[in-house]
Amino acid sequence: MSNTCKYAVRALIYLGKNATEKNKVGIKKIAGDLDIPTPFLGKILQNMVRQKVLISTKGPNGGFALGKKAKDISLYNIVCIVDGEDYFKHCLISHETCASVHEKGKHCPVHARFSEIRAQLTAFYKETTIQLILDDMKGNEQLIEL
């Protein structure tokens, strides 16, 4: 997962914990608490707004909040938005998707072993929601600041 994607996940967890539709959190507060450069975070969050994962309001009381329920935002959704769905389809050792390699009739040497792991990883990302992460963090909220 790219650093951009990790920042997006952390920001969404942060917003799931600290923001509501009525009480949004400003970008400077998020960036400061998570130690993410503000301009970079702004691009990430605006992308999430365009994809309807977040909502935002401009102005002195503006900021960001989740645009969907935390239980409806999976890690899979976030990764697909930020890194693209190819993250789950690329061959472990090639720069192509496994599907494109298969069309040529060739499999990489680790394909058989990795395809099962890929399926498990994909299931994990689809099943793990922001809400599950928030539930798992109870009592350890400072972990989001890693």
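A few remarks follow.
- Calculated from the alpha-carbon coordinates, segment 1-86 shows an Rg and a Dmax of 11.8, 39 Å respectively.
- Centroid-to-centroid separation of segment 104-135 and segment 20-56 [C-alpha atoms, Å]: 28 Å
- Applying 0.36 nm per residue to the separation of residue 43 and residue 86 and subtracting their alpha-carbon distance, the gain on full extension is 13.4 nm.
- Here the residues 129, 122, ranked from fewest to most Cβ neighbours within 10 Å of their Cβ, fall in the order 122, 129.
- Note on residue 135 and residue 35: with the Förster distance fixed at 25 Å, the Cβ-Cβ geometry gives a FRET efficiency of about 0.55.
- Modelled this way, with points 7 Å down the Cα-to-C-beta line, the labels at residue 61 and residue 107 are 6.0 nm from one another.
- Karplus-derived HN-Hα couplings along segment 60-70 (A = 6.51, B = -1.76, C = 1.60, θ = phi - 60°), whole Hz, x at Gly and Pro: x, 9, x, x, 10, 8, 4, x, 9, 5, 4
- Exposure proxy ranking, count of Cβ atoms within 10 Å, fewest first, for 86, 33: 86, 33
Bear in mind these aren't lab numbers, they're just calculated from the coordinates by the rules spelled out. Owing to the predicted nature of the structure, the values given are computational and were not obtained by experimental measurement. Don't worry about glycine lacking a Cβ; one is built from the backbone with ideal geometry, like all the others, and counts go over all protein chains shown.
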